Amino acid sequence: MRGAGIAALGAPVGILDLDEPAELGPDEVLIEVRAAGVGNWDELVRTGSWQVGGPPPMALGVEAGGRILAVGGGVSGLAVGNEVLAHPLPLRRNGTWAARIVAPAATVAPKPADVAFETAAAFPVPALTALQTLEALSVERGEVVLVNGAGGVTGGLLVQLAALNGAEVVATAGPPSASRVLGYGAREVFDYRDPEWPERAGRLGVAAAANAARGGAAIALRAVADGGRLATITGDPPASERGVAIANVYVRPDGGQLTRLADLLAAGRLTVEIARVLPLASAAEALAVAASGHAHGAVVLSLA
């Protein structure tokens, strides 16, 4: 089976000849991968900082869109031929940058018919991360919520979901992304390069902040009101001060949540910008683009 990944931890990404998936467990499904998402989190897997499968040689990738080829004996609600999307952790061995992947059925959601495989592939990790971050913040209708790093895929979904939940959203982004973030539902967008943005945002009464900017959690904390909340998805939680509650969020697979999010995507209430679609043979380039932080949208590998 053809895939893209690593021969050893820390090795460059290349094309691999992989073993076919093993026999399915009763709670698993076999998916023919049509497209797979690429994110900076895949660089963490490549270097061994995030252990999700393996051991190498192994395909990378932790999100995908595809079609079910087989189902385990204990699976209900999913059938051969269904089009699906998934964040299929824990990986049996190989990730989603491969022709076929075994996924726990509980991590799989139906793909809406009008959603392209490329969009479905780029959606699970950022969408689940955004939803779970807002859950950690217990965002309430009418609260002022700051999203730091709203120009990225996850940050953009944080803005959209917070706005859908009735929050008053303010955000940071670069000038090229500002109009897009306003379109997502932010009422004001601050230039993250302005050293005074935390104080300017803080004057709006920020009750909760979601940090999606690498190294930006401590800066975002400055904008949060005393007794507020901050959640970061970048693994850099600052020490609490002024009674601000701090949460360090790591995405977890959840097929039920993903189904609800995919319904919002199909209804046009959520959107994901696709920046690049590359063939599997260009997986190393795709990872470099995604890890750079300058993709201005999601990066996807096409396996169709």
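For the structure I just gave you, tell me whether residue 108 is more than 21 Å from residue 276 (Cα to Cα), in the same structural domain as residue 232 (by TED's automatic domain parsing) and either basic (Lys, Arg) or at pLDDT 95 or above (or both).
Details: more than 21 Å from residue 276 (Cα to Cα): yes; in the same structural domain as residue 232 (by TED's automatic domain parsing): no; either basic (Lys, Arg) or at pLDDT 95 or above (or both): yes.
Taking the combined requirement at face value, the residue does not satisfy it.
Within region 119-148, being within 14 Å of the chain's Cα centre (by Cα) and not hydrophobic (A, V, I, L, M, F, W, C) holds for 119, 124, 126, 129, 132, 133.
Within region 66-76, identify whether any single residue is under 23 Å from residue 275 (Cα atoms), assigned to a strand (DSSP E or B) and either in the same structural domain as residue 215 (by TED's automatic domain parsing) or out of contact with any Gly (no Cβ under 7 Å at 6 or more places or on another chain) (or both), and answer yes or no.
Looking through region 66-76, at least one residue is under 23 Å from residue 275 (Cα atoms), assigned to a strand (DSSP E or B) and either in the same structural domain as residue 215 (by TED's automatic domain parsing) or out of contact with any Gly (no Cβ under 7 Å at 6 or more places or on another chain) (or both).
When residue 137 is tested against (1) touching a Lys or Arg at 6+ places or on another chain (Cβ under 8 Å); (2) of a type in the set (A, V, I, L, M, F, W, C); (3) farther than 24 Å from residue 265 by Cβ, only condition (3) is not met.
In region 202-233, the qualifying residues are those that are part of a loop (DSSP other than H, G, I, E, B) and without any contact (Cβ under 8 Å) to a residue 60 or more places away in the chain, and the one that is surrounded by the fewest Cβ atoms within 10 Å (Cβ to Cβ) is 203. The number of residues in region 9-25 that are under 13 Å from residue 58 (Cβ atoms) and out of contact with any helix residue (DSSP H, G or I) (no Cβ under 9 Å at 6 or more places or on another chain) comes to 5. For the subset of region 239-254 comprising residues that are more than 14 Å from the chain's Cα centre (by Cα) and within 24 Å of residue 51 (Cα to Cα), which member is surrounded by the fewest Cβ atoms within 10 Å (Cβ to Cβ)? Among those that are more than 14 Å from the chain's Cα centre (by Cα) and within 24 Å of residue 51 (Cα to Cα), it is 248.
Test residue 299 against the criterion of being out of contact with any Lys or Arg (no Cβ under 9 Å at 6 or more places or on another chain) and crowded, with 19+ Cβ neighbours inside 10 Å, and give yes or no. Don't jump to the end; show me each part of the working.
Values: out of contact with any Lys or Arg (no Cβ under 9 Å at 6 or more places or on another chain): no; crowded, with 19+ Cβ neighbours inside 10 Å: yes.
The answer is no for residue 299.
Scanning region 276-295 turns up no residue that is in the same structural domain as residue 145 (by TED's automatic domain parsing), in a strand (DSSP E or B) and surrounded by fewer than 16 Cβ atoms within 10 Å (Cβ to Cβ). Checking the structure you have, find out if any residue of region 1-18 is closer than 18 Å to residue 293 by Cβ, among the charged types (D, E, K, R) and modelled with pLDDT of 95 or more. No: region 1-18 contains no residue that is closer than 18 Å to residue 293 by Cβ, among the charged types (D, E, K, R) and modelled with pLDDT of 95 or more.
Considering region 1-60, the qualifying strands (runs of 3 or more DSSP E), each wholly inside and each with 2 or more residues that are among the small types (Gly, Ala, Ser) and closer than 23 Å to residue 155 by Cα, run over 28-38.
Considering only residues that are surrounded by fewer than 24 Cβ atoms within 10 Å (Cβ to Cβ) and in a strand (DSSP E or B), look in region 91-106 and name the one that is nearest to the chain's Cα centre (by Cα).
Step one: of region 91-106, the residues surrounded by fewer than 24 Cβ atoms within 10 Å (Cβ to Cβ) are 91-93, 99-100, 102, 104-106.
Still in the running and in a strand (DSSP E or B): 100, 102, 104.
Values: 100: 21, 102: 20, 104: 18 Å.
Filtering region 91-106 for residues that are surrounded by fewer than 24 Cβ atoms within 10 Å (Cβ to Cβ) and in a strand (DSSP E or B), the one nearest to the chain's Cα centre (by Cα) comes out as 104.
Residues considered: 263, 194. Of these, the only one that is outside the structural domain of residue 42 (by TED's automatic domain parsing) and either within 20 Å of residue 139 (Cα to Cα) or in contact (Cβ under 8 Å) with a residue 24 or more places away in the chain (or both) is 263.
Scanning region 13-71 for residues being free of Cβ contacts under 8 Å to residues at least 24 places away in the same chain and hydroxyl-bearing (Ser, Thr, Tyr) gives a total of 1.
The values are calculated or read from the model by the stated rules, or taken from the named source; none is laboratory data. What you see is a predicted model; the values in this text were computed from it and never measured. Cβ: placed from backbone, ideal geometry, glycine included. Neighbour counts: every protein chain shown.
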